[in-house]
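Colleague: Please see the structure below; I have some questions.
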Amino acid sequence: MKQATLNLDLSAKITRKQVFLDQMDQVVPWAALVELIAPYYPEGKTGRPPFSLMTMLRVHFMQQWFTLSDPAMEEAFFDTPLYREFAQLEELARLPDESTILRFRHRLEKYKLAEQILSVVNELLTQQGLLLKAGTAVDATLIAAPTSTKNKDKARDPEMHSSKKGNQWYFGMKAHIGVDAESGLVHTVRGTSGHVSDIAEANSLLHGQESIAFGDAGYQGVEKRPDANADVTWHVAMRPGKRKALNKENEAEAMIDKAEKLKAGIRAKVEHPFRVVKRQFGFVKVRYRGLKKNTAQLFTLFALSNLWMMRSKLMGAGA
């Protein structure tokens, strides 16, 4: 007999992955999300009995947290017992294969449930007093897409486009987000091609209840656009070159520089969700072809990033 077959727990070390899953298990509103998806999930009256909705939802979230494709998720169940435990799969029970995982994701996309997942999460955070609606900060980030043409169509994704940032060209899409200016929690998400300017989506990132909004220098002139809301006061950063030219010894210009610094401190909160999604969850390149599928994934990722950023407060509230 091999030692592994004895089912002995010989290791007392708790890994970071285990700590992460334990924390997310506590803060994700599982019951509310299952209730949201249940009307669209098969009852299993015919054919092979489906896996429980709770299991499939947990599997779907693990894919986002650990950057696992459908085939990689299937294989991970055989390599990592912790994943099976989190998915609430019995030791000798059958495991979800990649086609089962794929169909579940397609079901979420078909009924636009990813966007509703973000709404359910934000409703929970609002009830806990963690998501306020007085102000919004907006920003966008580039998400790379494969540039290779070694595929069935012998072409790059037609819905992805090139964009220049500084002196560097990037190919992919843009994730535009509107976040709560107080907490940095994401309330609005838009996915566009990489060549769409940040300012074009700025006003669509407002939820409609804020009175002030913040943006970097790329949003100069946003208040003059046709879709601007007259009731919202925009605080947009000064152009870097213009701010650099300020004379700090001049009292009036020193005050302008101080105001710019205060705006930058508020605006910096919009970078936190990007850091979580890209560094914590490892989402640095699109996984699917087309904007629709990748935008749906963005909704899920930012919903989970909200929970991750507020995990300490949520766990304290539940204690």
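The values are calculated or read from the model by the stated rules, or taken from the named source; none is laboratory data. Note that the structure is a prediction, hence the values are computed from the model and not measured. We place every Cβ from the backbone using ideal geometry, glycine too, and count neighbours over all the protein chains shown. For the accessible areas, the whole protein counts, side chains as well, though only heavy atoms, and no ligand, DNA or RNA atoms are used. Shrake-Rupley method; radii C 1.70, N 1.55, O 1.52, S 1.80 Å.
Colleague: Can you spot a residue in the range 65-75 that is in contact (Cβ under 8 Å) with a residue 24 or more places away in the chain, out of contact with any helix residue (DSSP H, G or I) (no Cβ under 7 Å at 6 or more places or on another chain), among the aromatic types (F, W, Y) and open to solvent by 40 Å² or more (accessible area, probe 1.4 Å)?
Modeller: Yes; the residues of the range 65-75 include at least one that is in contact (Cβ under 8 Å) with a residue 24 or more places away in the chain, out of contact with any helix residue (DSSP H, G or I) (no Cβ under 7 Å at 6 or more places or on another chain), among the aromatic types (F, W, Y) and open to solvent by 40 Å² or more (accessible area, probe 1.4 Å).
Rundown of residues vs (1) within 19 Å of R275 (Cα to Cα); (2) open to solvent by 10 Å² or more (accessible area, probe 1.4 Å); (3) of a type in the set (V, I, T), yes/no style:
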residue: V179; (1), (2), (3): yes, no, yes
residue: S183; (1), (2), (3): yes, yes, no
residue: G191; (1), (2), (3): yes, yes, no
residue: D198; (1), (2), (3): yes, yes, no
residue: A202; (1), (2), (3): no, no, no
residue: Y219; (1), (2), (3): no, no, no
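Colleague: So how many residues does the range 151-177 have that are under 21 Å from the mean Cα position of the chain (by Cα), buried (at least 19 other Cβ atoms within 10 Å of the Cβ) and part of a loop (DSSP other than H, G, I, E, B)?
Modeller: 1
Colleague: Can you name every one of the strands (runs of 3 or more DSSP E) wholly within the range 182-288 that holds 1 or more residues which are of a type in the set (D, E, K, R)?
Modeller: Of the strands (runs of 3 or more DSSP E) lying wholly inside the range 182-288, those with at least 1 residues that are of a type in the set (D, E, K, R) span 186-193.
Colleague: Can you pull out the residues in the range 204-217 that are in contact with a His (Cβ under 6 Å, 6 or more places away or on another chain), over 23 Å from K292 (Cβ atoms) and surrounded by fewer than 20 Cβ atoms within 10 Å (Cβ to Cβ)?
Modeller: Answer for the range 204-217, where residues must be in contact with a His (Cβ under 6 Å, 6 or more places away or on another chain), over 23 Å from K292 (Cβ atoms) and surrounded by fewer than 20 Cβ atoms within 10 Å (Cβ to Cβ): there is none.
Colleague: Looking at the range 255-296, which of its residues are under 17 Å from I177 (Cα atoms), open to solvent by 40 Å² or more (accessible area, probe 1.4 Å) and of a type in the set (V, I, T)?
Modeller: I266, V284
Colleague: Looking only at the range 300-318, which residues are open to solvent by 20 Å² or more (accessible area, probe 1.4 Å) and either within 13 Å of A175 (Cβ to Cβ) or of a type in the set (S, T, Y) (or both)?
Modeller: S312
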